[in-house]
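The structure under discussion appears below in the form of structure tokens.
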Amino acid sequence: MTANWREKALAFLGEGDTCAIVGEKVVLRSKERGVKPLMTWLGAGENCVGAVAADKVVGKAAAYLYVLLGVAEVHAKVLSEMAEEVFVRFGIAYTFAERVGAIRNRTNTGFCPMEQAVLEVDNPKRAYTVLNERINTIKKEETK
């Protein structure tokens, strides 16, 4: 069954989605960038236990969110070494097309701000809290 879910999730990336989760009772798709869709799905209480995810870019921040969502597999186009460590630690199967040392920001001038936020975090629930705080700080800065 997970092979079919994997194929569907990967097909959604081919249709322009940035990430997708497919499981027995769940199909989630998004064209939003970064960790936003994962944070939204977690906040909505989506049940993704045992599901398969496909994502364009997975760093440590996204990896922790996938742990909290309960997915069984993640297939990434780009995967950071820190995300790989999270998946190994939490027993999530994964594949990738390209592994990178770290996820860069959109202007390629440094780390992704979400990666930077969880750099020293070693707990998925703490990562979720830290990411929420960072997102709120960014929103406040943007409205100034």
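Can you list residues from other chains, or at least 5 along the same chain, whose modelled amide H is less than 5 Å from the amide H of residue 100?
For residue 100, whose amide H was placed from the backbone, the distant partners under 5 Å are 79, 80, 81.
Give a quick list of trypsin sites (Lys or Arg not before Pro) in segment 93-137 that DSSP marks as loop, anything other than H, G, I, E or B, with at most 15 other Cβ atoms within 10 Å.
106
Defining a contact as two alpha carbons under 8 Å apart and six or more residues distant in sequence, what relative contact order in percent does the chain show?
About 17 percent, as a whole number.
Taking springs between alpha-carbon atoms closer than 10 angstrom, which of 95, 129, 109 fluctuates most in the Gaussian network model of the chain?
109
Are any of the pairs 56/125; 8/60; 77/144 more than 32 Å apart by Cα-Cα distance, and if so, which?
Checking Cα-Cα distances, 77/144 exceed 32 Å.
For residue 74, which sequence-distant residues (separation of 5 or more, or a different chain) have an amide H within less than 5 Å of its own amide H, given hydrogens modelled in the peptide plane?
53, 93, 94, 95
Mean separation of Cα pairs under 8 Å and 6+ residues apart, divided by the residue count of segment 1-75: what relative contact order is that in percent?
32
Rounded to the nearest 20 debye, what is the charge dipole size of the chain about its Cα centre when +1 sits on each Lys and Arg Cβ and -1 on each Asp and Glu Cβ?
Rounded to the nearest 20 debye, it is 360 debye.
Please give the per residue accessible area of the chain, computed with a probe of 1.4 Å over protein heavy atoms only, in Å².
Normalised by residue count, the accessible surface of the chain is 54 Å².
Using a 1.4 angstrom probe on heavy atoms only, work out the carbon and sulfur share of the accessible area of the chain in %.
50
Quick check: pseudo-label points 7 Å beyond the Cα along Cα→Cβ at residue 77 and residue 132, how many nm apart are they?
3.1
From the gyration tensor of the Cα coordinates in the chain, what semi-axes in whole Å does the equivalent ellipsoid have, largest first, with each one equal to sqrt(5λ)?
Here the semi-axes work out to 23, 16, 15 Å.
For the Cα atoms of the chain, what angle does the longest principal axis make with the long axis of helix 2-14, in degrees from 0 to 90, nearest 10?
Helix 2-14 sits roughly 50 degrees off the main axis of the chain.
The values are calculated or read from the model by the stated rules, or taken from the named source; none is laboratory data. Quick caveat, the model's predicted, so the values are computed rather than measured. Note that each Cβ is placed from the backbone with ideal geometry, even for glycine, and that neighbours are counted across all protein chains shown. We work out accessible area using only protein heavy atoms, side chains counted, and drop any ligands, DNA or RNA first. Shrake-Rupley method; radii C 1.70, N 1.55, O 1.52, S 1.80 Å.
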